[in-house]
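I have placed the structure first, in the form of structure tokens, so that the comments after it can refer back to it.
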Amino acid sequence: RGIGIVAVIAAAGLAVAQGSLTAIAGGTLVVALGVAGYARHARSVPDPVVRPRHLFATRFRSVHTTSLLAVGGALGFHSFLPVYLNGVRSLSTTAAAFSVAYLSAGWTTGAVSSSRLQDRILREQVVLIGSVVLSVGILLSAVLVWAEAPIAVLAIGLFISGLGTGSISTTGINVLQERTPLSEMGRVNGAHQFTRSISVTYGVGIAGAVILTTVDRRTGDVEAVRDLLGGDVETVSRPVADALGAGFLFAVAVAAVAAVATIPAARHLVRSRPEAVTSAA
């Protein structure tokens, strides 16, 4: 029953990202009812699929929030980067597809670097540093997209975004383990992975809704972008390309807002640092 309620909440949340007023109103209502229903369910059974305190307790909440915003924001717009480079910048399909390596390389570098930095400073401080780096990277990417900077320069912004995302996601797991009793480790890690998976789904859904809505309102030719996404065509008309570029810029701007929002969450993480849990050592 708990899994069923969670599935309904997740589906209704995605409906909100579709953009129409009906979907937003209906999805929001179902999410609210679903959350209330799950809260009642969690109190009535001894082992709910996700215990609310593993998501919302002070020692866990900021960890989930920073990772959710970072991963969802970065991967949301990044999923449409090849389409943007192909349709707007006229890169070949192969070259556009290779662009996913920019953020991925930064993510790996950030994960490795942050693991070493944790030996010198508090893990919560590493998350805060990652939040600042992520914000700088995505804000820089937004400016470079707006300025239509060379692809090699845009790659720098994407790489920096990956640095921040990798630092937050990797260090966040270590922070959770440090704050969790051994008897609850599996459940807390499971709750964290759940929020990350949902955030990626919502991030891609919101970015797609922003891009397609922009194209629809400016040209009314959403099918051209869908054909580009499906690989059926490699070029689109100039009006569609311009609308696609504007939509992608808006999607990066939304991701930048999410990235900046990780900073207060990370600051709260530093301020609310509890005493180490002995059984988690």
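The values are calculated or read from the model by the stated rules, or taken from the named source; none is laboratory data. Note that the structure is predicted; figures quoted are calculated from it, not measured. So basically every Cβ, Gly included, is an ideal-geometry build from the backbone, and we count neighbours across all protein chains shown. Calculation scope for accessible area: heavy atoms of the full protein, side chains included, ligands and nucleic acids excluded. Shrake-Rupley method; radii C 1.70, N 1.55, O 1.52, S 1.80 Å.
One residue stands out in segment 133-149 among those that are open to solvent by less than 70 Å² (accessible area, probe 1.4 Å) and β-branched (Val, Ile, Thr): the one that is nearest to THR262 (Cα to Cα), namely VAL133.
For VAL63, the conditions (1) open to solvent by less than 40 Å² (accessible area, probe 1.4 Å); (2) β-branched (Val, Ile, Thr); (3) closer than 20 Å to LEU249 by Cα all hold with the exception of (3). Do the conditions hold for GLU184, that is, is it open to solvent by 40 Å² or more (accessible area, probe 1.4 Å), of a type outside the set (S, T, N, Q) and in contact (Cβ under 8 Å) with a residue 40 or more places away in the chain? Spelling it out, it is not the case that GLU184 is open to solvent by 40 Å² or more (accessible area, probe 1.4 Å), of a type outside the set (S, T, N, Q) and in contact (Cβ under 8 Å) with a residue 40 or more places away in the chain.
Among residues that are open to solvent by less than 50 Å² (accessible area, probe 1.4 Å), within 20 Å of VAL133 (Cβ to Cβ) and either part of a helix (DSSP H, G or I) or touching a strand residue (DSSP E or B) at 6+ places or on another chain (Cβ under 6 Å) (or both), THR195 is not included. Determine whether ILE9 is among the hydrophobic types (A, V, I, L, M, F, W, C) and touching a Gly at 6+ places or on another chain (Cβ under 7 Å). The answer is yes for ILE9.
The condition of being without any contact (Cβ under 8 Å) to a residue 60 or more places away in the chain, under 18 Å from LEU140 (Cα atoms), of a type in the set (A, V, I, L, M, F, W, C) and touching a helix residue (DSSP H, G or I) at 6+ places or on another chain (Cβ under 7 Å) holds for only one of ALA97, ALA105, that being ALA105. Looking at segment 205-259 only, could you name the residues that are among the acidic types (Asp, Glu) and either over 27 Å from GLY27 (Cα atoms) or crowded, with 22+ Cβ neighbours inside 10 Å (or both)? Result: ASP227, ASP232, GLU234, ASP242. Can you find even one residue in segment 111-129 that is surrounded by fewer than 19 Cβ atoms within 10 Å (Cβ to Cβ), in contact (Cβ under 8 Å) with a residue 60 or more places away in the chain and over 19 Å from GLY164 (Cβ atoms)? No, because not a single residue in segment 111-129 is surrounded by fewer than 19 Cβ atoms within 10 Å (Cβ to Cβ), in contact (Cβ under 8 Å) with a residue 60 or more places away in the chain and over 19 Å from GLY164 (Cβ atoms).
THR201 falls short on exactly one of the conditions (1) of a type in the set (S, T, N, Q); (2) within 26 Å of LEU140 (Cα to Cα); (3) surrounded by 20 or more Cβ atoms within 10 Å (Cβ to Cβ), and that condition is (3).
Apart from one condition, PHE56 fits all of (1) more than 20 Å from the chain's Cα centre (by Cα); (2) open to solvent by 50 Å² or more (accessible area, probe 1.4 Å); the exception is (1). Applying a threshold of 7 Å to beta carbon distances and a minimum spacing of six or more residues, or different chains, the list of pairs starting in segment 224-249 at a residue that is part of a helix (DSSP H, G or I) and ending at one that is among the aromatic types (Phe, Trp, Tyr) and open to solvent by 10 Å² or more (accessible area, probe 1.4 Å) reads PHE248/PHE80; LEU249/TRP146.
Which of (1) more than 19 Å from the chain's Cα centre (by Cα); (2) modelled with pLDDT of 90 or more is the odd one out, the single condition LEU68 does not satisfy? Condition not satisfied by LEU68: (1). Out of segment 73-106, which residues are buried (at least 20 other Cβ atoms within 10 Å of the Cβ), of a type in the set (Ser, Thr, Tyr) and at pLDDT below 90? SER99 - this is the single residue of segment 73-106 that is buried (at least 20 other Cβ atoms within 10 Å of the Cβ), of a type in the set (Ser, Thr, Tyr) and at pLDDT below 90.
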